[in-house]
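The values are calculated or read from the model by the stated rules, or taken from the named source; none is laboratory data. Note that the coordinates shown come from a computational prediction; the quantities given were computed from them, not determined experimentally. Using ideal geometry, Cβ is built from the backbone for each residue, glycine included, and neighbour counts are taken over all protein chains shown. Accessible surface is based on the protein model in full, side chains and every heavy atom, while ligands, DNA and RNA are left aside. Shrake-Rupley method; radii C 1.70, N 1.55, O 1.52, S 1.80 Å.
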Amino acid sequence: MMDRDVKDCIIVGGGIAGLQAAIQLGRYSAYDVLVIDRGTGRSTICKSYRNILGWPEGVSGEELRQRGRKQAEAVGVTFAADDIRKAERDEAKCFVLTGKDGTRYRAKSMLLATGLMDRFPKLPGLMSTLGTSVFVCPDCDGYEIQDRKTVVLGSGDPGANMSILLSERAKEIIYVNHEGQPASSENMTQLANLGIPYIEKRVTEIQEEGGILSAVVLEDGSIIRAERGFISFGGNMIYSELAEQLGAELEHNRHVKTDPRSKMTNVELLWAAGDLGVHSELTTVAMGEGATAAIWIHKTLKKMTSQAVT
């Protein structure tokens, strides 16, 4: 077991929020900052964000992550590839993190930016289309289905709710309840009133070419032609285990509660930003939260240093 030196701040999660925070903290030129990243997360599967300032043609999550890491490294931030399994505090009130192979990391402050992962089935063709022509966030990508025939793949009420929400944007919406979970009578009535076809059959394949959806194949061999798709299965995995271990307060859906101004949790010197927290789950919002958290981490560390000197 290896024990690292005490860092001023450790950021757990190298996605959008974590990287933006790292860049902001690094630019103060005052702190020893480490980002610990396991290389997974929602941003790793999105092939084209089109709602970000300066990227009208879209940019992939992987490119944003690569560029963000280089930018953070250029201002002195270091990175470690690890999967943190345990978080606690020692007698000196330092955060102590343990990685998958037993490596330990210590820090005066910590930002959790561990995010979430959408739940979806493993279907041939789905990964090729995610973030290109099949989407998960109506706020981010509702524009992409404007006046296009769109199929929603989902489960019960989550899929029904998504179909109803998107009906004002798409040329035509079809809801395929892949898992066959029941939707509420209210939702079923609303689907009918909006003229949204409801199909309760499993999907076996997503047909696509170059990442662009062309059709959905059902278990009985029937084919639904479509130009765009959305998925909405509910039960997303919120990576809040470390926050819970440290005593951070969670919402009923396991997102981490934070102060709306500073993004600090109820645990002293512990911040949370991005999709882990309670927000609208947009990449642009995650960036803002990462920067906000970093500013308040800086304020707090600076105050701690001043108090130590006096």
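For the subset of the stretch 78-92 comprising residues that are free of Cβ contacts under 8 Å to residues at least 40 places away in the same chain and open to solvent by 80 Å² or more (accessible area, probe 1.4 Å), which member is nearest to Arg38 (Cα to Cα)?
The extreme case among them is Arg85.
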> How many residues does the stretch 268-310 contain that are touching a helix residue (DSSP H, G or I) at 6+ places or on another chain (Cβ under 8 Å) and part of a loop (DSSP other than H, G, I, E, B)?
Replying inline: 6
>> Regarding the stretch 26-40, can at least one residue be identified that is out of contact with any Ser or Thr (no Cβ under 8 Å at 6 or more places or on another chain), open to solvent by 40 Å² or more (accessible area, probe 1.4 Å), of a type in the set (S, T, N, Q) and over 18 Å from Ala74 (Cα atoms)?
In response: yes
> Taking the stretch 267-287, which residues are small (Gly, Ala, Ser), under 22 Å from Phe135 (Cα atoms), open to solvent by less than 40 Å² (accessible area, probe 1.4 Å) and in contact (Cβ under 8 Å) with a residue 40 or more places away in the chain?
Replying inline: Gly274, Ala286
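For the stretch 1-54, what are the residues that are basic (Lys, Arg), at pLDDT below 95, farther than 12 Å from Thr283 by Cβ and within 19 Å of the chain's Cα centre (by Cα)? Give the derivation first.
In the first step, residues of the stretch 1-54 are kept if they are basic (Lys, Arg); the result is 4, 7, 27, 38, 42, 47, 50.
Filter once more, keeping what is at pLDDT below 95: 4, 42, 47, 50.
This time we only want the ones that are farther than 12 Å from Thr283 by Cβ, so: 4, 47.
Residue satisfying the conditions is Lys47 alone.
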> Looking at the stretch 41-77, which of its residues are farther than 14 Å from Ala17 by Cα, crowded, with 18+ Cβ neighbours inside 10 Å and touching a Phe, Trp or Tyr at 6+ places or on another chain (Cβ under 7 Å)?
Replying inline: Tyr49, Val59
>> If I ask for residues that are surrounded by 14 or more Cβ atoms within 10 Å (Cβ to Cβ), within 14 Å of Arg148 (Cβ to Cβ) and under 27 Å from the mean Cα position of the chain (by Cα), which ones from the stretch 164-211 would you list?
In response: Leu166, Ser167, Arg169, Ala170, Ile173, Ile174
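Kindly indicate the residue of the stretch 104-141 that is open to solvent by 30 Å² or more (accessible area, probe 1.4 Å), over 29 Å from Thr292 (Cα atoms) and touching a residue at least 24 places away in the same chain (Cβ under 8 Å) and also farthest from the chain's Cα centre (by Cα) among those meeting that condition. Working first, answer last.
Initial filter on the stretch 104-141 (open to solvent by 30 Å² or more (accessible area, probe 1.4 Å)): 104, 106, 108, 114, 117, 119-120, 122, 124, 127-128, 136, 138-139.
With the extra rule that they be over 29 Å from Thr292 (Cα atoms), the set shrinks to 120, 122, 124, 127-128.
In the following step, the residues that additionally are touching a residue at least 24 places away in the same chain (Cβ under 8 Å) were identified as 120, 124, 127-128.
Values: Phe120: 14, Pro124: 23, Met127: 16, Ser128: 19 Å.
That would be Pro124.
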